[in-house]
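J.: Submitted below is the structure of interest, expressed as structure tokens.
Read-outs: derived from the displayed coordinates by stated rules, not from any lab. Bear in mind that the values here come from a model prediction, so they are computed numbers and not experimental data. Positions of Cβ are backbone-derived with ideal geometry, glycine not excepted, and every protein chain shown enters the neighbour counts.
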Amino acid sequence: ILNVEQSPQSLHVQEGDSTNFTCSFPSSNFYALHWYRWETAKSPEALFVMTLNGDEKKKGRISATLNTKEGYSYLYIKGSQPEDSATYLCASTPNTGNQFYFGTGTSLTVIP
Amino acid sequence: GAGVSQSPSNKVTEKGKDVELRCDPISGHTALYWYRQSLGQGLEFLIYFQGNSAPDKSGLPSDRFSAERTGGSVSTLTIQRTQQEDSAVYLCASSLAAASYNEQFFGPGTRLTVL
């Protein structure tokens, strides 16, 4: 079992603010890092998957970076909007199997 | 097209009873995963199926938990002699294949409450 940690646990920001959160994972046996967004009363939806050290992915106002050597990934949201309110989950997958190990998530609330 | 569906959406049962949770994956997806989220916890991997291969059961918390996947499609997660600590949201996900880089598509989950 991999220990994946996310911080902060929850976050409240004003509309228009930019924010970021962290996912930490074991760097040994690493294969891929996934970010998902989980809105209340909906299913988790994939945002990004990254595999290479230094990877950066972007989708609209949301972007993510990956550092496999030190075992962390950042998710950035620029100009937060109320519709960004959700729990953001990261998952690490090892090169020893196909299990996904999820963190406990960061709950983001964007205040209009 | 249709996404992953799960039934029931909510299940309330008494301690000691058996329950069955169902998952219908996206058509054509060969991999199917089960997770659960207990209160205040992250998504906990339970089991995954890939095609006709033997499932990876490494995440099942006890021998009261079992899962089947019939015909490479629908899956049933069975919990025998339920305990209060089994109360959680059980999520199913499918993907094109079981691979560390493949996106998983999640169902809406089944909320299980054991009284």
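J.: Note down the Stokes-Einstein diffusion coefficient of the protein assembly as shown in µm²/s, whole number, using a Kirkwood radius over alpha carbon pairs, 20 °C, and 1.002 mPa s.
T.: Details: Rh = 18.0 Å.
The estimated diffusion coefficient comes to 119 µm²/s.
J.: Let me ask you something else. Rank the residues B:His29, A:His12, A:His34 as a footprinting-exposure proxy: fewest other Cβ atoms within 10 Å of their Cβ go first.
T.: On the way: B:His29 19, A:His12 12, A:His34 25.
Placing the least packed residue first, the sequence is A:His12, B:His29, A:His34.
J.: Ok, one more. Arrange the following residues from fewest to most other Cβ atoms within 10 Å of their Cβ: B:Asp24, B:Asp18. Walk me through the intermediate numbers first.
T.: Working: B:Asp24 18, B:Asp18 11.
Listed from fewest to most nearby Cβ atoms, that is B:Asp18, B:Asp24.
J.: Let me ask something else. With +1 on the Cβ of every Lys and Arg and -1 on the Cβ of every Asp and Glu, and nothing else charged, how large is the dipole of segment A:47-112 about its Cα centre, in debye rounded to the nearest 20? Could the numbers behind the result be given before it?
T.: Details: 6 positive and 5 negative charges, 27 e Å.
In debye, rounded to 20, segment A:47-112 gives about 120.
J.: Would you work out the Kirkwood radius for chain A? I mean one over the mean of 1/r across all pairs of different Cα atoms, in Å.
T.: Working: mean 1/r = 0.0716 Å⁻¹.
Hydrodynamic radius (Kirkwood, Cα only) of chain A equals 14.0 Å.
J.: Over segment B:28-115, consider all pairs of different Cα atoms and compute the Kirkwood hydrodynamic radius from their mean reciprocal separation; express it in Å, one decimal. Display every interim value, and only then the final one.
T.: On the way: mean 1/r = 0.0747 Å⁻¹.
One over the average 1/r among Cα pairs gives 13.4 Å for segment B:28-115.
J.: For B:Val12 and B:Thr76, compute 0.36 nm times the residue count separating them, minus their Cα-Cα distance, and round to one decimal in nm. Intermediate results must be reported in sequence, preceding the final value.
T.: Details: separation 64, 0.36 × 64 = 23.04 nm, distance 1.72 nm.
Gain on stretching B:Val12 to B:Thr76: 21.3 nm.
J.: Would you please give the FRET efficiency between A:Ser7 and B:Leu96, computed as 1/(1 + (r/R0)^6) with r the Cβ-Cβ distance and R0 = 30 Å, to the nearest 0.05? Could you put the intermediate results ahead of the total?
T.: Details: r = 32 Å, r/R0 = 1.06.
For A:Ser7 and B:Leu96, the calculated efficiency is 0.40.
J.: Another question, then. Treating the beta-carbon of each Lys and Arg as +1 and of each Asp and Glu as -1, no other charges, what is the dipole magnitude of chain B about its Cα centre, to the nearest 20 debye?
T.: Numbers: 10 positive and 11 negative charges, 37 e Å.
Dipole of chain B, to the nearest 20 debye: 180 debye.
J.: Right, something else. May I ask which of A:Lys59/B:Lys57; A:Lys42/B:Lys57; A:Lys58/B:Lys11 have a Cα-Cα span longer than 31 Å here? Provide the component values of the computation, followed by the final result.
T.: On the way: A:Lys59/B:Lys57 34 Å; A:Lys42/B:Lys57 27 Å; A:Lys58/B:Lys11 39 Å.
Over 31 Å apart, Cα to Cα: A:Lys59/B:Lys57; A:Lys58/B:Lys11.
J.: Counting only other chains, and only Cβ atoms inside 10 Å, what mean value do you get across the residues of A:45-56?
T.: On the way: counts 4, 7, 1, 1, 5, 1, 2, 0, 0, 0, 0, 0.
Mean partner-chain Cβ count within 10 Å for A:45-56: 2.
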